[in-house]
Amino acid sequence: MSADAKAARAPAISDDGIRNSVLMELKWDPKITSSDIGVAVKDGVATLAGFVPSYWEKDAAEKAAKRVYGVKAVANDLEVKLLTTRTDPEIARDIVHELESHISIPTENIKATVRSGWVTLEGRVDWQYQKVLAEAAVKKIRGVVGVSNKIEVKPAVSPTDIKSKIEDALKRSAELDARRISVETDGSVVKLYGTVRSWAEREEAERAAWSAPGVTKVENHLTIGP
């Protein structure tokens, strides 16, 4: 191997190096206030353990760890230890108010159940972003210790409609060459095949696929090439 090739290779990062970077990222993030978070890394898999005062902070810690270069996966074993106790009815009332404050969330189609601080969301929406938005709204409510998002994405559209809407969206995007991308649908699951010129284009194609109503999953098989 030539010297130039060796220089071009990314340097290997040890598990200890990744662990130190994760700890620094946790301290850097202003959303994370807990000093009771431990980090262990083995073969690039980071495990978070300890206690945080809210579910929102637990989620923020996981996202912080995933941002660190070298981390392949995150096992989030953090426990939520509330600073103040709240009753389930109090939490439920705040959930209803929070969901109703978002005009994009069809609250009439969503039901929230609270048991010992754990929230279960059920119902039906037309768009994936509505399901994601509902969970994001609930995460930050004081007293919530966990969220199970069982909301289904079930619009009144056929797989053929989904496919044509995604293909139209790809053609509209100035960042993509739609001729190099093929779209397949299996019910509400979308599969993307072909080549793109960069990682940004790959993400843009996936974003366009998620924009179609009724999509519940996107399998991105696009490869990056010239």
Requested in this report: Among the strands (runs of 3 or more DSSP E) lying completely within segment 95-203, list those that include at least 2 residues that are under 29 Å from D77 (Cβ atoms) and open to solvent by 50 Å² or more (accessible area, probe 1.4 Å).
Outcome: 110-115, 118-125
Query raised in the report: Among the residues of segment 44-54, is any surrounded by 11 or more Cβ atoms within 10 Å (Cβ to Cβ), part of a helix (DSSP H, G or I) and of a type in the set (F, W, Y)?
Result: no
Requested in this report: Identify all residues within segment 97-124 that are among the polar types (S, T, N, Q) and on the phi > 0 side of the Ramachandran plot; write none if there are none.
Outcome: S116
Report task. Could you list, in sequence order, all residues of segment 105-144 that are without any contact (Cβ under 8 Å) to a residue 40 or more places away in the chain and acidic (D, E)? Result -> E108, E122, E135
Query raised in the report: Tell me, which residue of segment 65-76 that is of a type outside the set (A, V, I, L, M, F, W, C) and exposed (fewer than 12 other Cβ atoms within 10 Å of the Cβ) is nearest to the chain's Cα centre (by Cα)?
Result: K72
**Report entry** Residue check, K31 farther than 30 Å from K154 by Cβ, basic (K, R) and in a loop (DSSP other than H, G, I, E, B)
**Finding:** yes
Report task. Tell me, yes or no, whether segment 78-87 has at least one residue that is under 25 Å from I151 (Cβ atoms), in a helix (DSSP H, G or I), open to solvent by less than 100 Å² (accessible area, probe 1.4 Å) and out of contact with any helix residue (DSSP H, G or I) (no Cβ under 6 Å at 6 or more places or on another chain). Result -> no
Report task. Among the candidates K140, K150, K171, K163, single out the residue that is modelled with pLDDT under 90 and farther than 19 Å from R207 by Cα. Result -> K140
Query raised in the report: Does segment 4-23 contain any residue that is out of contact with any strand residue (DSSP E or B) (no Cβ under 7 Å at 6 or more places or on another chain), among the charged types (D, E, K, R), within 19 Å of G143 (Cβ to Cβ) and in a helix (DSSP H, G or I)?
Result: no
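The values are calculated or read from the model by the stated rules, or taken from the named source; none is laboratory data. What you are looking at is a predicted structure, and each value in this text was computed from that prediction instead of being measured. Note that each Cβ is placed from the backbone with ideal geometry, even for glycine, and that neighbours are counted across all protein chains shown. Side chains included, ligands, DNA and RNA excluded: accessible areas come from the protein's heavy atoms. Shrake-Rupley method; radii C 1.70, N 1.55, O 1.52, S 1.80 Å.
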